[in-house]
Amino acid sequence: MMKLTGFSELTNREQEVLRYIIQNFIVTASPVASKTLVDRYRLNISSATVRNAMNSLESKGLLDHPHTSSGRIPTEDGYRLYVNSLMQVSELSREEKQILDTIQNFLTNDVDDAVQSAARILARLSNLLAVVIAPKLGHGVFRKIELVSISSNRILVVLTVESGIVKTLSVEVQTEIKPDELERVARFLNERLHGYKLSEIAKKIDEMLANYDQGDYSGLIRVFIDSADTIFDDNHLRRFHFGGVEYMALQPEFNDLGNYKGIVELLENEDMIIHLFDDPRVESSEKDVRIRIGKENKIQQVEQCSVVSANYHYGGIKGTIGLVGPTRMNYSRMVALVEQLANRFNVYNPGA
């Protein structure tokens, strides 16, 4: 296995040529010739000098030379060196920032609405496939529960976690429950469950509610015990939302039916999506934007793609935002988009 060339092993000229080739290839998707670089970037060197630098970069595994062209294209190692050492994160335009700001209209207590909107906004701005993994409500700590009668056999459960996020759902009951009885059961549940993570409650609620003289309310208490997974955890819910599949079809790399089919297979496999964006093997700071290029993704369906992702926190509970696109993506701009959208989640406090 060839050792990855380090930034310090490149001359200043090679660094400059590599950066310009990648910037040009991102825009054109065509191999880049030496004369193109000299003309477009007004380099004060000859085409022959640029070709020498390109030959050196190719010998170091950072550029490739398609047989049908005299130009060069970046390799995955070339992109890796670029994002690690040569790239500067873009400054977004005022219009782009304003579009990102619209997510604040959806950062209500409805987590699902916020996640859907974030995926739609990110896809629109990036023209790539955007994926947003929802925060797991099961990681939240129980604050209180309210019970409201909807009809003779249904009650509304309003569950609030310490961060302020609210989950609402309706539950069927066998007999009509009076309002004062609902209040009494809610008080009991609040006393017994306060301070526990919802995921703990879902697993151990029968123990937590043991040794209580439930009297006439045993039927309602039993509803909460039997429906604990539905009420107190969210494993049964869709864990991510996406947008932008139509944009991927417009990228020349996905004229190859096999590459496009891989994206479709990815979106049809929820576990694969979670593994791609929330891989516990990836070490990074909570605030870092992660970039994985081509085969670094370790998933066959996206070996021709790059993934840019970051964690966010909604009401203190972690989720993940990410983009999938060709390895030719505009990394500096995509990093800025992912980072700034994550920040808009992070500064929002639904409990305030």
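Only one of the numbered conditions (1) under 34 Å from the mean Cα position of the chain (by Cα); (2) crowded, with 17+ Cβ neighbours inside 10 Å; (3) modelled with pLDDT under 95 is not met by S8, and that is (2). Residues in the stretch 23-77 that are hydrophobic (A, V, I, L, M, F, W, C), surrounded by fewer than 18 Cβ atoms within 10 Å (Cβ to Cβ) and in a loop (DSSP other than H, G, I, E, B): A29, L43, I45. Per this entry, L266 is not counted among residues that are loosely packed, with under 15 Cβ neighbours inside 10 Å and either modelled with pLDDT of 90 or more or assigned to a loop (DSSP other than H, G, I, E, B) (or both). Against the condition in contact with an Asp or Glu (Cβ under 7 Å, 6 or more places away or on another chain) and more than 24 Å from L250 (Cβ to Cβ), how does A53 come out, does it pass? Spelling it out, A53 is indeed in contact with an Asp or Glu (Cβ under 7 Å, 6 or more places away or on another chain) and more than 24 Å from L250 (Cβ to Cβ). State which residue is nearest to I165 (Cα to Cα) when the search covers only the stretch 95-110 and only residues that are among the β-branched types (V, I, T) and touching a Lys or Arg at 6+ places or on another chain (Cβ under 8 Å). In this case the residue turns out to be I103.
When the residues of the stretch 292-335 are filtered to those that are of a type in the set (F, W, Y) and outside any helix (DSSP H, G or I), the one that is surrounded by the most Cβ atoms within 10 Å (Cβ to Cβ) is Y312. Among the conditions (1) of a type in the set (F, W, Y); (2) at pLDDT below 90; (3) not in a loop (DSSP other than H, G, I, E, B), Y212 misses just one, which is (3). Entry remark, the stretch 148-193: residues being over 16 Å from I221 (Cα atoms) and charged (D, E, K, R) number 2 in total. Scanning the stretch 226-277 for residues that are within 20 Å of T320 (Cβ to Cβ) and of a type in the set (S, T, N, Q) yields N235, N269.
For the stretch 84-113, residues that are under 19 Å from the mean Cα position of the chain (by Cα) and closer than 30 Å to S8 by Cβ total 1. Scanning the stretch 269-288 for residues that are modelled with pLDDT of 90 or more and either crowded, with 22+ Cβ neighbours inside 10 Å or assigned to a loop (DSSP other than H, G, I, E, B) (or both) yields N269, L276. When residues in the stretch 310-344 are screened for being more than 18 Å from Y82 (Cβ to Cβ) and in contact with a strand residue (DSSP E or B) (Cβ under 6 Å, 6 or more places away or on another chain), 11 of them pass. Here the stretch 84-124 is the region considered, the condition is being among the acidic types (D, E) and in a helix (DSSP H, G or I), and the residue that is surrounded by the fewest Cβ atoms within 10 Å (Cβ to Cβ) is E95.
The values are calculated or read from the model by the stated rules, or taken from the named source; none is laboratory data. What you are looking at is a predicted structure, and each value in this text was computed from that prediction instead of being measured. We place every Cβ from the backbone using ideal geometry, glycine too, and count neighbours over all the protein chains shown.
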